[in-house]
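To start, the structure itself, in structure tokens.
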Amino acid sequence: MRAMVLTAQHEPLRLMELPRPEAGPGTLLLEVAACGVCRTDLHVVDGDLTEPKLPLVLGHEIVGRVAAVGAAVTGWEIGERAGVPWLGATCGSCRFCTTGRENLCDEARFTGYHIDGGYAEWASADARFCFRLPDDLSDVEAAPLLCAGLIGYRALRAAGSGERLGLYGFGAAAHIVAQVEIGRAHV
């Protein structure tokens, strides 16, 4: 398969031919339709996030179709549309995982950092961390929701239902949250 690969930090990605990943136990094999570019991807390339798996296929805003379902995976069918976010795997049993704060797990692994991501024709992902995507969004529209959308939603949910919401640092997550809040105000 063709993939854009980071072979060393501070270097450009290289177009390479890699073996197509498999749908191993607990994973889905996706034919990638779109993958967004996040600032975190640039942090990996620039060396701001140290110790990535190298060589590495970047990309954690993956939208694709299930091409194969690994052993022990239930609830997914070939042909379904799936999204893959930054959080790619956790231990599932620590105090963070058992209280809905999986992103703080000491054993967390991240897509496009520890796990090959979606700047490729195919990607394999832990089925527990994949999302079903609605058909009313295009692949390109859905991709950024798998990072900035999730971050913004989590922050908005944590903020509760106060009268005001302050947004600090106006990146993609804040941009999406502002649109959600404006939409709520007009309902």
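Laboratory data are not the source of any read-out in this text; all were calculated from the coordinates shown. Note that the structure is predicted; figures quoted are calculated from it, not measured. Heads up, the Cβs are rebuilt from the backbone with ideal geometry, glycines too, and the neighbour counts pull from every protein chain shown.
Taking the Cβ of residue 102 as the center, what net charge do the other residues with Cβ under 14 Å away carry, scoring Lys and Arg +1 and Asp and Glu -1?
Local charge sum for residue 102: +2.
Using only the alpha-carbon atoms of the range 45-187, report the extent along each of the three principal axes, biggest first, to the nearest angstrom.
47, 35, 33
When Lys and Arg each count +1 and Asp and Glu each count -1, what net charge do the other residues less than 10 Å away from residue 111, Cβ to Cβ, add up to?
-2
Pull up the DSSP beta bridges for the chain and report the antiparallel fraction as a percent, rounded to 5.
Beta bridges within the chain, antiparallel portion: roughly 95 percent.
Tell me the angle of helix 172-185 to the major Cα principal axis of the chain, expressed in degrees between 0 and 90 and rounded to the nearest ten.
Orientation of helix 172-185: about 40 degrees from the principal axis.
Amide H to amide H, which residues 5 or more places from residue 122 or on other chains are under 5 Å from it, using H placed in the peptide plane?
Excluding prolines and chain starts, which carry no amide H, the hits are 32.
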